[in-house]
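The values are calculated or read from the model by the stated rules, or taken from the named source; none is laboratory data. This structure is a prediction, so every number in the text was calculated from the model and none was measured. Don't worry about glycine lacking a Cβ; one is built from the backbone with ideal geometry, like all the others, and counts go over all protein chains shown.
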Amino acid sequence: MATRYVMSIDQGTTSTRCIIFDQQGRLVSVTQREHRQHFPQPGWVEHDAVEIWRNLERIAPEALRQAGVGLEQVAAIGIANQRETTLVWDRHTGVPLRRAIVWQDTRTTALVDELAARPEASMVQKRCGLPLATYFSAPRIRWLLDEVPGLRERAERGEVLFGTMESWLIWNLTGGPDGGLHLTDVTNASRTLLMDLTTLEWDDDLLDFFGVPRAMLPQIRPSTETYGVARTVLPGVRIGAALGDQQAALFGQTCFAPGEAKCTYGTGGFLLLNTGKDPVRSTHGLLTTVGYQVGAEPAVYALEAPIAVTGALVQWFRDGLGLINSAPEIETLAKTVDDNGGCYIVPAFAGLFAPHWRSEARGVIVGLTSYITKGHLARAVLEATAWQTREVVDAMNADSGLALRGLKVDGGMTADNLLMQCIADVLDVPVVRPMVAETVSLGAAYAAGLAVGYWPDLEGLRRNWHRAAQWLPAMDPARRESEYDNWRRAVERTFGWLQPRR
Amino acid sequence: MPGPVQSIQRGAAILRLLARSSGKLGVGEIATSLGLPRGTAHGLLRTLQLVGFVEQDSATGKYQLGAALLHLGTSYLDVNELRSRAINWADALAARSCESVKIGTVLDGQVLVVHHVFRPDDTLQTLDVGSLMPMHATALGKVLLAFDSGAGAALGNGPLEAFTRRTIVAPKDLTRSLAGIREVGWAAQVEEMTVGEAGIAAPIRGHGGLVVGAIGISGAVERICDAKGQPNTALVTFVRDAARAVSRDLGAARW
């Protein structure tokens, strides 16, 4: 029998990628295509969902070709996706009504303020585990319903469908207007503000609160389950999983036991801690979310700490300041000096996420003297990611009552050795990178393979996990404390910068 | 300070002339334009052709600027960028070969380890990134010596340091070994650095095929080599495939 493989589709914020994995979880081929970022107004970020679909139509067959793998050798497809990005489309034509509103988009600020002022607003976090914020999907659906003429009526009649990106891709893969399956998974649904975190169903009170008609919503399914068979692009192949990208990374890092945590460093940073079968309510500014649900088993919950800006600060250093030509060169530049020279950068570009949640904060560079060179700035850029990680780890330890003993890391920034050492130093725990840095894609593949029996169980997946690199803490404790104190004082200086409009 | 070197001035003039002209130029046109004897112009052109700065059209015999010249300003590759671009393939190589993987570049006549992936058996291992290794006694180093003509300059002409009794110490033996490496496209070392250890490496090429580094595996000699003490052919294939995959990502079309 020919060797079989699993394909993952990672529909991310800047690009869509297809990766083929073998049974040992090893990467066989990778294809990728970026899509355009549309910024029609300050604070608005949009993606063309049709462009994203066309990209997938191109790169999926390409990945098979590169690997020399036939369709019949693909055991299943797993999808990981950018979360909270909101799309509505016509059920009969398959045409999106507007461009997708991306998770970074803050156009719903006024709407969220208005909703938060209502007496029932306190119910939202209790029911869905998330604070009422522009970050999540429901306010975006409401904005579209208010903004697009006739949309509400059509949505109530079920002529218009809502979905995050995994719903859009699954619907198109399974036939689109011609009988496409309209579904989402629990992890993605848990990011809408519309799902009850304990029943894992759309909640009528939340639907009423946001004014979202149930008829437009996809069916909520486990993360790992054979949803159906693709009819186009990869015809005949089973679709076995869908997870939000950060949850997929948790799965790919095989954080299957309560207390296991991973941090993914991309444009932003996302620390997720497995908390087991019961949701843990945070009192330190963290989000309660669904980690994954394997078939009919009970859901596994997670505490999540999103950091808005990590890699994006390096991109700004490259594109905004032009001090480096490529992102990895930040390490070369940072190594031209021994320390930050007393300089700190707090990248509150659009406010601060966990654990502060200060939308009015804006970025600062403090400690500038004539001594500071671009090398010191490069170091401050990397240290910003490390200290932001420290802040959320402290919050997580406080919420869970456990002290983190080690951190599994992944994402593009793990190629930066200086940064990884710096994170180990400021957290004072070992930092470990797994053999497959592409954990988002690997998690989607694992989940899909599990659904179709390509991998037997979670233990089998765990055996595929291997340490590729490890950084041990080597910082003087007194210096760690004084640097952390400096960082905290720098963060305070970002607060309250943006003043309410008069 | 010595005066300007005439042949370099003339070579530069030829390159400027070729850059200015829209089509290709014959040796006669070049000699006339620059007021050089035909034989001198021909000698200069042959040398420029040898280093890839000019190319000759095989049908017409006329000359134009070479591809190597066009990439001259952009061929520098930051080592951290090399790691970033190679990380997925280095991981896959470690997973496939079950050995530790290193990527090296040349730094002052030694191999600088720019990336290291642990052997995937979850034993305690330390990250070697930033350490230096000798060129002539490692597979990575021999690949770099074989494919980077500048890399060997620092080795000098005298005998090389012996780490084991199998280390290649005579320069003429090393030269012969490097010629063999160029021929097959990969290198191995068997107990040349440390008794009981062996390694296999292959070149990573960037734009235009320029060798920018080497990727390889190393480990216990009984795992790396077969019963006859020859490098395991399956492992050689894994290493060469990984090197090709990284090269492809870096834009080296032909490898």
- Task: Could you list, in sequence order, all residues of the range A:318-349 that are under 19 Å from residue A:14 (Cβ atoms), within 14 Å of another protein chain (Cβ to nearest Cβ) and either touching a residue at least 60 places away in the same chain (Cβ under 8 Å) or in contact with a Gly (Cβ under 9 Å, 6 or more places away or on another chain) (or both)?
- Result: A:327, A:328, A:330
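Are any residues in the range B:12-34 part of a helix (DSSP H, G or I) and either surrounded by 15 or more Cβ atoms within 10 Å (Cβ to Cβ) or modelled with pLDDT under 85 (or both), and if so, which ones? Outline the logic, then answer.
Let us first name the residues in the range B:12-34 that are part of a helix (DSSP H, G or I), namely B:12-20, B:27-34.
Across the range B:12-34, the qualifying residues are B:13, B:14, B:15, B:17, B:18, B:20, B:27, B:29, B:30, B:31, B:33, B:34.
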- Reported set for the range A:255-274 where residues are surrounded by 24 or more Cβ atoms within 10 Å (Cβ to Cβ) and of a type in the set (Val, Ile, Thr) is A:264
- Message: among the aliphatic types (A, V, I, L, M), at pLDDT 90 or above, surrounded by fewer than 24 Cβ atoms within 10 Å (Cβ to Cβ) and at negative phi: is that true of residue A:250 in this structure?
- Response: no
- Item | Verdict on residue A:3 being free of Cβ contacts under 8 Å to residues at least 60 places away in the same chain, closer than 26 Å to residue A:451 by Cα and within 14 Å of another protein chain (Cβ to nearest Cβ) | no
- Query: Scanning for something surrounded by fewer than 22 Cβ atoms within 10 Å (Cβ to Cβ), acidic (Asp, Glu) and part of a helix (DSSP H, G or I), does the range A:327-347 turn up at least one residue?
  - Reply: yes
- Query: Does the range A:382-434 hold any residues that are in a strand (DSSP E or B) and in contact with a Pro (Cβ under 7 Å, 6 or more places away or on another chain), and which are they?
  - Reply: A:408, A:410
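Taking the range B:98-112 as the search range and keeping residues that are surrounded by fewer than 21 Cβ atoms within 10 Å (Cβ to Cβ) and within 23 Å of residue B:160 (Cα to Cα), which one is farthest from the other protein chains (Cβ to nearest Cβ)? Walk me through how you get there before you give the answer.
Within the range B:98-112, the first condition is being surrounded by fewer than 21 Cβ atoms within 10 Å (Cβ to Cβ), and the residues that meet it are B:98, B:107-110, B:112.
Checking which are within 23 Å of residue B:160 (Cα to Cα) leaves us with B:107-110, B:112.
Values: B:107: 13, B:108: 16, B:109: 21, B:110: 18, B:112: 12 Å.
This residue is B:109.
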- Message: When the residues of the range A:154-203 are narrowed to those that are in a helix (DSSP H, G or I) and modelled with pLDDT under 95, which ends up surrounded by the fewest Cβ atoms within 10 Å (Cβ to Cβ)?
- Response: A:156
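Is it the case, given these coordinates, that residue A:370 is surrounded by fewer than 21 Cβ atoms within 10 Å (Cβ to Cβ), touching a residue at least 24 places away in the same chain (Cβ under 8 Å), more than 14 Å from every other protein chain (Cβ to nearest Cβ) and among the polar types (S, T, N, Q)? Outline the logic, then answer.
Details: surrounded by fewer than 21 Cβ atoms within 10 Å (Cβ to Cβ): yes; touching a residue at least 24 places away in the same chain (Cβ under 8 Å): no; more than 14 Å from every other protein chain (Cβ to nearest Cβ): yes; among the polar types (S, T, N, Q): yes.
So residue A:370 does not fit the description; no.
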- Query: Can you find a residue in the range A:447-466 that is assigned to a loop (DSSP other than H, G, I, E, B), more than 11 Å from chain B (Cβ to nearest Cβ) and among the small types (Gly, Ala, Ser)?
  - Reply: yes
- Message: Here's a check for you: in the range A:121-148, which residue that is in a loop (DSSP other than H, G, I, E, B) and of a type in the set (S, T, N, Q) is surrounded by the fewest Cβ atoms within 10 Å (Cβ to Cβ)?
- Response: A:134
- Could you check, for the range B:115-136, whether at least one of its residues is under 30 Å from residue A:432 (Cβ atoms), under 15 Å from the mean Cα position of the chain (by Cα) and either more than 9 Å from every other protein chain (Cβ to nearest Cβ) or of a type in the set (D, E, K, R) (or both)? no
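Just for the range A:30-57: of the residues that are in contact with a Cys (Cβ under 8 Å, 6 or more places away or on another chain) and surrounded by 19 or more Cβ atoms within 10 Å (Cβ to Cβ), which one is modelled with the highest pLDDT?
Just the residues of the range A:30-57 that are in contact with a Cys (Cβ under 8 Å, 6 or more places away or on another chain), to begin with: A:30-32, A:56.
Filter once more, so that each one left must be surrounded by 19 or more Cβ atoms within 10 Å (Cβ to Cβ): A:30-31, A:56.
Details: A:30: 88, A:31: 90, A:56: 96.
For the range A:30-57, the residue satisfying everything is A:56.
Restricting to the range A:467-500, give me the number of residues that are within 14 Å of chain B (Cβ to nearest Cβ) and either assigned to a helix (DSSP H, G or I) or closer than 30 Å to residue A:447 by Cα (or both).
5
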- For the range B:75-97, name all the residues that are more than 10 Å from every other protein chain (Cβ to nearest Cβ), under 17 Å from residue B:249 (Cα atoms) and assigned to a helix (DSSP H, G or I). none
